[in-house]
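The values are calculated or read from the model by the stated rules, or taken from the named source; none is laboratory data. Values in this document were obtained by computation on a predicted structure and should not be read as measured data. Because the Cβ atoms are built from the backbone with ideal geometry, glycine has one as well, and the counts that use them run over all protein chains shown. Please note that ligands, DNA and RNA were not included when accessible areas were found on the heavy atoms of the full protein model with its side chains. Shrake-Rupley method; radii C 1.70, N 1.55, O 1.52, S 1.80 Å.
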Amino acid sequence: MKSSLSAVLLLLLQFAGGRLAAQVAENDPAAKLAAKVDGLFAGIDAANDPGAAVMVVRNGDVLLRRCYGLANLEHRAPITSSTVFDIASLSKQFAGMAISMLVEEGRISLEDDIRKYIPELPDFGHTITVGHLVHHTSGIRDWPGTLALAGSRMDDVITFEQILNMAYHQQGLNFPPGSEYTYSNTGYNLLAELVARVSGKTFREWTHERIFQPLGMKSTHFHDDPSEMVPGKAYGYHRQGNGKFLAIHNGLTALGSSSLYTSIDDLAKWVMNFSEPEVGGKRVIERMFRQGSLNNGKQISYAFGLVAGQYRGLKILDHSGSWASFNTFLLHFPEQGFSVVVLMNYSPANPGRLAYNIADLYLDGQLEPQKTPVKQERAAEPAAYPAPDAAALQEFGGRYKSGELEAVYTIVPAEGKLMARHRRHGEIALRPVAKDTFQGAAWFMQTVEFTRDEAGNISGFLVSHQRCRNQRFEKQARLE
């Protein structure tokens, strides 16, 4: 009887508390906005799901800290405002600030040839400047694609030293420096190495002493040892089709491009420094916000680890990050001194959409009306290219090697199609799309274009995907 009464009393208290909270929210604009933000994350089961940490800052004040879900599913540890996330490519803006600070101190120039500091990088016949690396216009191939093609899996331990070694052995560029924009994580790893060589300190030490410690970012560091334990760390999880989560291994130490570990409490101090620069100074921050340009004078949107643009009539800077099921987004409105940060520890997730939805709530009245998106006509599917017959497929078969990557693939005709076999990746199907050109089923092998010698015999193939072009493999032997 007593337990029944207690349960009834508890329900009455919860009901009364809920009504009181609703009344407070109705009378308090800040609470009302917070309740609306809560609604955006209502799909996260706080007791069972990984989740998110959210922070909103305006003019030096934290307007909102909200945390949803679990940092560690195994131990049911909740996400808090001090939980440490791998923020993935949001890390680039910190490398960008390091470069801007060294430029301001006169220790480097954006026009310097990167080989002045890192002579191990090959001479590609073109000068690659520090500025090219900052703005992703260098033509340097992106390491995730090249290492994957070489046989690495993204759940391997991938060290900073491995990435640099790959860069030092590249034998070609995607394009002449300055002629195009193509995002390259490798470029920012080289920038981190530049900071280390100019300063005589490791990149982790330099950023700690010059950026994180002065700003009071006590839970922040560039992670340079995959075996290091990090107190309060969140873990990444991938949601399967059945709703269950898988734990995702994270063994990356890609300094400069990624691998910054931090919390929303610390990131609040970081974004406040954009508006009132205590570290770096005004000129350093202004340079960080400065967009790059191509050789033809065309301005691009990428600045120093931040992407410049406009949103509903207001200037913005933003950047996304994604690695090992961590999905992150930072959105800054420089003229309003307003920032939103969303850190999530699961995939699939869309922190960018959530950050803009939060901005819509807090900047209501300052934003222009949403434009109705123009409906895009769906492009017609290209006609299927007729598959070569069995006899024609035989000439593609063989063993192919990239000396640059020290990687070997065996091309095997099988059941009217080609298969690319690799000892770590297994079989990758190749579908014909044009004469001597195939589309690969793996993300790092999007296009495989076979080359021929003067006699018309297959001599090798070139592998390309969005951020890595024309990686050459030479034919070593025919199939027996």
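Number of residues in the range 122-166 that are within 23 Å of residue 292 (Cα to Cα) and touching a residue at least 40 places away in the same chain (Cβ under 8 Å): the value is 19. Residue-level check: of (1) aliphatic (A, V, I, L, M); (2) outside any helix (DSSP H, G or I); (3) within 28 Å of residue 231 (Cβ to Cβ); (4) open to solvent by less than 50 Å² (accessible area, probe 1.4 Å), residue 267 misses just (2). Residue 125 is checked against (1) in a helix (DSSP H, G or I); (2) open to solvent by 50 Å² or more (accessible area, probe 1.4 Å) and fails just one. What number does that condition carry? Answer for residue 125: the failing condition is (1).
One line per residue, one yes/no per condition, for (1) in contact with a helix residue (DSSP H, G or I) (Cβ under 8 Å, 6 or more places away or on another chain); (2) open to solvent by 20 Å² or more (accessible area, probe 1.4 Å); (3) in a helix (DSSP H, G or I); (4) of a type outside the set (Phe, Trp, Tyr):
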{"site": "261", "(1), (2), (3), (4)": "no, no, no, no"}
{"site": "274", "(1), (2), (3), (4)": "yes, no, yes, no"}
{"site": "277", "(1), (2), (3), (4)": "yes, yes, no, yes"}
{"site": "316", "(1), (2), (3), (4)": "no, no, no, yes"}
{"site": "328", "(1), (2), (3), (4)": "yes, no, no, yes"}
{"site": "336", "(1), (2), (3), (4)": "no, yes, no, yes"}
{"site": "341", "(1), (2), (3), (4)": "yes, no, no, yes"}
{"site": "357", "(1), (2), (3), (4)": "yes, yes, yes, yes"}
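Each residue in the range 189-243 was checked for being part of a helix (DSSP H, G or I), closer than 19 Å to residue 305 by Cβ and among the acidic types (Asp, Glu), and 1 of them qualify.
Here residue 223 meets each of (1) within 17 Å of the chain's Cα centre (by Cα); (2) open to solvent by 70 Å² or more (accessible area, probe 1.4 Å) with one exception, condition (2). For the range 94-112, indicate whether the set of residues that are open to solvent by 60 Å² or more (accessible area, probe 1.4 Å) and either in contact with a Ser or Thr (Cβ under 6 Å, 6 or more places away or on another chain) or more than 22 Å from residue 284 (Cβ to Cβ) (or both) is non-empty. Yes, the range 94-112 contains a residue that is open to solvent by 60 Å² or more (accessible area, probe 1.4 Å) and either in contact with a Ser or Thr (Cβ under 6 Å, 6 or more places away or on another chain) or more than 22 Å from residue 284 (Cβ to Cβ) (or both). Residues considered: 420, 429. Of these, the only one that is in contact (Cβ under 8 Å) with a residue 24 or more places away in the chain, assigned to a strand (DSSP E or B) and more than 23 Å from residue 455 (Cβ to Cβ) is 420. Quick check: is even one residue across the range 421-432 open to solvent by 70 Å² or more (accessible area, probe 1.4 Å), over 33 Å from the mean Cα position of the chain (by Cα) and over 22 Å from residue 163 (Cα atoms)? No, every residue in the range 421-432 fails to be open to solvent by 70 Å² or more (accessible area, probe 1.4 Å), over 33 Å from the mean Cα position of the chain (by Cα) and over 22 Å from residue 163 (Cα atoms). Taken together, the criteria place residue 89 among residues that are touching a strand residue (DSSP E or B) at 6+ places or on another chain (Cβ under 6 Å) and not in a strand (DSSP E or B). Residue count for the range 125-154, restricted to those that are touching a Pro at 6+ places or on another chain (Cβ under 8 Å) and either under 22 Å from residue 210 (Cβ atoms) or among the hydrophobic types (A, V, I, L, M, F, W, C) (or both): 2. Take residue 291 and tell me if it is part of a loop (DSSP other than H, G, I, E, B) and within 26 Å of residue 370 (Cβ to Cβ). In short, yes. Scanning the range 80-95 for residues that are of a type in the set (Val, Ile, Thr) and farther than 22 Å from residue 226 by Cβ gives a single hit, 80. Looking only at the range 244-259, how many residues end up being part of a loop (DSSP other than H, G, I, E, B) and open to solvent by 50 Å² or more (accessible area, probe 1.4 Å)? Of the residues in the range 244-259, 2 are part of a loop (DSSP other than H, G, I, E, B) and open to solvent by 50 Å² or more (accessible area, probe 1.4 Å). For the range 343-364, the criterion of being of a type in the set (A, V, I, L, M, F, W, C), closer than 21 Å to residue 271 by Cα and without any contact (Cβ under 8 Å) to a residue 24 or more places away in the chain is met by no residue.
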